Amino acid sequence: MASNQLQKIIKAKIWKFFGGIKPKEMKDTSESRIEDLGLPSIICLPIDRHLGKEGEILVNVGDHVKKGQPLTKASGRLVPVHASTSGTINAISKEVLPHPSGYTGLCITIKPDGNDECVDLEPMKDWELKSSRELLERIHNYGVEGLGGAQFQTDFKIKSAIEDSQTGCNVLIINGAECEPVITCDDRIMQEQASDIALGIKIIKKILNPKVTVVAIEDNKQQAIAAMKSACEGIAEIRVIPTKYPSGAARNLIKIITGIEIPYSVHTSECGIVVNNVGTVLSVKEAVVDGMPVISRVVTVAGSSMKKTGNVRVRLGSSVRFVLSSYNLSPEFHQRIILGGPMMGFTLPTIDVPITKSANCILAPTTAEIPLLKQQQNCIRCGRCARVCPSRLVPYQMYSQSKAKNHAACLKAGITDCTLCGACAYVCPSFIPLTSQFRYEQAVEKHIRDAERRNLVAKQRMQQKEERLEAEAKERQAKKEAALARIKAQKEAEANMTPEELAAARAKALEEAKAKARERKEAILAQKQQQQKAGEDDASALKRLKESQDKAIAIARHQGHIEKPATASEVPENTIEQQVANAQLEEKDILPESLKKNATSRLDEFKVILHESMPAKSSELKLVGLPPDDSRQNPEPKKVIPQVLMSAQEEKKEVNILPDIFKKKTLRSKR
Ligand code: SF4
Ligand code: SF4
């Protein structure tokens with residue numbers, strides 16, 4: 001930001017923003033003190049947008065929770081949600097959310113116990129000595145989000161201004177404009193808790209170290225201006241701005257205070273400007289100085305249908321019905337109940353929805369106050385809507401494109417820049433519901449963008465899978481070729497050997513196989529130790545070890561490294577069964593105690609089967625399922641081993657001694 005611009009801001013120059021309207025103010029509740037509404041009979045806290053990637057919920061149904069206890073573990077930008085009173089978790093289920101469509105979202109329902117018991121608060125008394133990181137962590141962990149309506153994560157907004165701007169934070173604007181008719185909750189906070197807000201500003205200033213700090217208040221809030229002027233002495237400049245709707249929108253307020261018009265494609269933090277609502281600043285103070293997470297907010301209750309109107313502090317998760325019944329209103333079936341103000345609010349499909357951090361007003365108007373929708377007429381291209389649009393859009397064009405479902409054209413026309421301020425619909429002489437259509441169109445655009453993102457992710461995953469399969473196929477082919485070459489070389493070498501050399505070579509191969517098995521065992525044992533450290537059960541690792549040993553022996557036997565016996569009656573000492581037995585015993589000795597018993601019984605069983613299945617003559621030995629010897633070129637042990645073990649006549653018993661891993665294959669090959 002240029003230094004002369006900064007000087008103009010310091011000298012309290014005020015700029016004008018484009019468009020805007022001056023609707024009737026209807027701020028009758030400005031004189032009503034904030035009341036505490038007390039505890040409802042049920043609390044329903046939406047948690048969908050508070051869950052991080054892992055979506056971790058920290059409580060279960062039936063748990064008892066205290067006021068201020070975190071219910072979710074949020075990660076990244078998302079902040080946790082806290083219990084707004086003590087009680088029992090009644091349900092974790094999907095409930096209707098405060099949205100014009102009445103869609104449902106995951107909520108935690110608490111049945112209050114009436115004691116309102118609070119967790120042990122941890123106030124940061126020495127916050128002035130804390131680092132920016134510690135303060136931001138506190139703001140994040142205590143669930144502070146924008147209470148002005150957008151519900152943007154406060155710590156992230158502040159952090160972005162530090163990280164994104166090359167010059168650091170230039171201007172900190174505290175938004176006390178509250179430009180929308182009827183709503184007075186921020187006005188009352190400024191009147192009643194100006195010193196707390198001033199403390200909150202000090203905390204944010206400590207983190208941001210801005211060059212200028214301004215509290216912007218519309219000139220229709222004289223009491224709030226007086227209170228803030230006295231509380232913010234030496235902390236922030238109070239800037240009184242003209243009453244005009246929507247001066248409270250962040251970009252409009254920036255234009256008013258700094259004269260800079262930030263395009264919608266650029267984040268305000270990149271220009272070193274941070275805008276925070278007064279309610280949010282109060283939450284920052286409560287989180288840091290009092291140690292109290294965000295569990296309530298002030299809501300304006302207004303409308304000619306109400307016998308009494310005012311401002312109330314409501315526990316988050318209380319239902320709109322609870323608030324209205326506390327004001328003695330039981331709305332009739334067709335009565336409109338609006339959440340938010342008359343310009344940006346929307347008619348609720350049901351009043352059994354919870355109050356969230358963004359709910360600043362509940363409006364129960366009569367038809368005289370806010371008339372039912374008049375008969376819509378055709379657009380007469382008068383251009384009034386374009387003249388009042390603060391985002392410099394052409395609403396009538398966007399409307400016709402949206403109606404024609406030309407979403408691409410609508411996006412190009414700037415639908416995402418629309419703040420849904422309602423100024424265009426307010427001035428339209430043809431009573432065209434422009435804002436409702438734009439709200440719908442933005443939802444469609446979001447849906448399209450989400451679908452595109454999902455498609456892109458799916459495409460990338462498919463591509464990765466294809467690459468992986470291709471690499472695996474290449475690896476397999478290379479292994480196959482290497483094995484073929486090895487077998488060929490081995491056969492050629494064996495052809496030139498004397499019987500003694502052949503026996504020695506086979507004994508050597510057996511030793512190598514055993515050494516390999518030992519190496520593998522050691523590796524598995526090392527892995528097991530690691531797993532034990534991580535608390536993993538060792539049973540599966542030991543099973544894998546045994547299977548690996550069996551497999552090594554079977555491979556050695558199949559490859560001829562263990563000699564075949566002559567006949568069953570002529571089995572001498574130190575031949576096949578003895579070698580296998582020795583090998584198994586050796587392997588058994590290195591087994592853990594828990595497996596030794598099992599290994600002994602397996603060995604006995606193996607010996608019995610070997611004797612029973614031994615053919616009368618060695619020439620009668622045949623390999624079930626294998627091609628003739630000269631064509632037996634399959635180098636893959638995985639395929640060969642079960643077939644070799646099938647060579648005995650007692651198939652049933654043989655299957656029984658097979659490791660589980662081979663049983664499936666053997667049974668499948670039989671079928
Ligand atoms: S609702 Fe959107 S299009 Fe209409 S005036 Fe506001 S910003 Fe412009
Ligand atoms: S104000 Fe209404 S009638 Fe006039 S151009 Fe806009 S949409 Fe059409």
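Could you tell me which of the residues Glu501, Glu492, Glu452 is out of contact with any His (no Cβ under 6 Å at 6 or more places or on another chain) and more than 29 Å from Ile555 (Cβ to Cβ)? Full working, then the answer.
On the way: Glu501 fails: more than 29 Å from Ile555 (Cβ to Cβ); Glu492 fails: more than 29 Å from Ile555 (Cβ to Cβ).
It is Glu452.
Considering the conditions (1) within 30 Å of Pro210 (Cβ to Cβ); (2) not basic (Lys, Arg); (3) not assigned by TED's automatic domain parsing to the domain that holds Ala227, Ile34 is excluded by exactly one of them, (3). All of (1) open to solvent by 30 Å² or more (accessible area, probe 1.4 Å); (2) assigned to a helix (DSSP H, G or I) hold for Glu332 with one exception: (2).
Out of the helices (runs of 4 or more DSSP H) lying entirely within region 351-464, which hold 2 or more residues that are open to solvent by 50 Å² or more (accessible area, probe 1.4 Å) and away from ligand 2 (no atom under 16 Å from the Cβ)?
Once the helices (runs of 4 or more DSSP H) in region 351-464 are filtered for at least 2 residues that are open to solvent by 50 Å² or more (accessible area, probe 1.4 Å) and away from ligand 2 (no atom under 16 Å from the Cβ), what remains is 407-413.
Going by what's in this entry, would Ala216 be described as in the same structural domain as Glu180 (by TED's automatic domain parsing), among the hydrophobic types (A, V, I, L, M, F, W, C) and open to solvent by 30 Å² or more (accessible area, probe 1.4 Å)? No, not satisfied.
Across region 311-329, the number of residues qualifying as in a strand (DSSP E or B) and either surrounded by fewer than 20 Cβ atoms within 10 Å (Cβ to Cβ) or in contact with a Leu (Cβ under 6 Å, 6 or more places away or on another chain) (or both) comes to 3.
Out of all the residues in region 101-130, which are under 28 Å from Leu39 (Cβ atoms) and open to solvent by less than 50 Å² (accessible area, probe 1.4 Å)? Break it down stepwise before answering.
Going through region 101-130, the residues under 28 Å from Leu39 (Cβ atoms) turn out to be 102-124.
Matches in region 101-130: Gly102, Gly105, Leu106, Cys107, Ile108, Thr109, Ile110, Pro112, Asp116, Cys118, Val119, Met124.
Criterion first (more than 15 Å from Gln193 (Cα to Cα) and open to solvent by 10 Å² or more (accessible area, probe 1.4 Å)) does Ile241 satisfy it? No. The condition (being away from ligand 1 (no atom under 16 Å from the Cβ), touching a residue at least 60 places away in the same chain (Cβ under 8 Å) and of a type in the set (A, V, I, L, M)) is satisfied by just one residue among Ile487, Ile524: Ile487.
Among the conditions (1) among the small types (Gly, Ala, Ser); (2) over 30 Å from Ile262 (Cα atoms); (3) touching an Asp or Glu at 6+ places or on another chain (Cβ under 8 Å), the only one that Ser325 does not satisfy is (3). Restricting attention to region 263-293 and to residues that are open to solvent by less than 10 Å² (accessible area, probe 1.4 Å) and either assigned to a loop (DSSP other than H, G, I, E, B) or of a type in the set (Phe, Trp, Tyr) (or both), the residue that is nearest to Thr367 (Cα to Cα) turns out to be Pro293. Listed by position, the strands (runs of 3 or more DSSP E) contained in region 1-100 that have at least 3 residues being open to solvent by less than 70 Å² (accessible area, probe 1.4 Å) and either among the aromatic types (Phe, Trp, Tyr) or out of contact with any Gly (no Cβ under 9 Å at 6 or more places or on another chain) (or both) are 87-96.
Evaluate region 388-400: report whether one residue or more is more than 37 Å from the chain's Cα centre (by Cα), within 10 Å of ligand 1 (Cβ to nearest atom) and closer than 30 Å to Asn311 by Cβ. So far as region 388-400 goes, yes, one or more of its residues are more than 37 Å from the chain's Cα centre (by Cα), within 10 Å of ligand 1 (Cβ to nearest atom) and closer than 30 Å to Asn311 by Cβ.
With the condition kept exactly as written, say whether any residue in region 73-88 is under 25 Å from Cys179 (Cβ atoms) and either of a type in the set (D, E, K, R) or in contact with a Phe, Trp or Tyr (Cβ under 6 Å, 6 or more places away or on another chain) (or both). Explain how you work it out, then say what you get.
Start the filter on region 73-88 by keeping residues that are under 25 Å from Cys179 (Cβ atoms), which leaves none.
No, region 73-88 contains no residue that is under 25 Å from Cys179 (Cβ atoms) and either of a type in the set (D, E, K, R) or in contact with a Phe, Trp or Tyr (Cβ under 6 Å, 6 or more places away or on another chain) (or both).
Collect the residues in region 481-512 that are part of a loop (DSSP other than H, G, I, E, B) and surrounded by 10 or more Cβ atoms within 10 Å (Cβ to Cβ), keeping them in residue-number order. Please lay out each step first, then the result.
Kept after step one, since they are part of a loop (DSSP other than H, G, I, E, B), are these residues of region 481-512: 496-498.
Met497, the sole residue that qualifies.
The single residue among Ile183, Ile173, Ile158, Ile139 that is open to solvent by less than 20 Å² (accessible area, probe 1.4 Å), hydrophobic (A, V, I, L, M, F, W, C) and within 27 Å of Phe346 (Cα to Cα) turns out to be Ile183. Exactly one residue out of Ala478, Ala517 is open to solvent by less than 90 Å² (accessible area, probe 1.4 Å), closer than 21 Å to Arg557 by Cα and part of a helix (DSSP H, G or I): that is Ala517.
The values are calculated or read from the model by the stated rules, or taken from the named source; none is laboratory data. Here the structure is a predicted model, which is why all the values come from computation and not from measurement. Cβ coordinates were reconstructed from backbone atoms using ideal geometry, including for glycine residues, and neighbour counts include every protein chain displayed. The accessibility values were calculated without ligands, DNA or RNA, using every heavy atom of the protein model including side chains. Shrake-Rupley method; radii C 1.70, N 1.55, O 1.52, S 1.80 Å.
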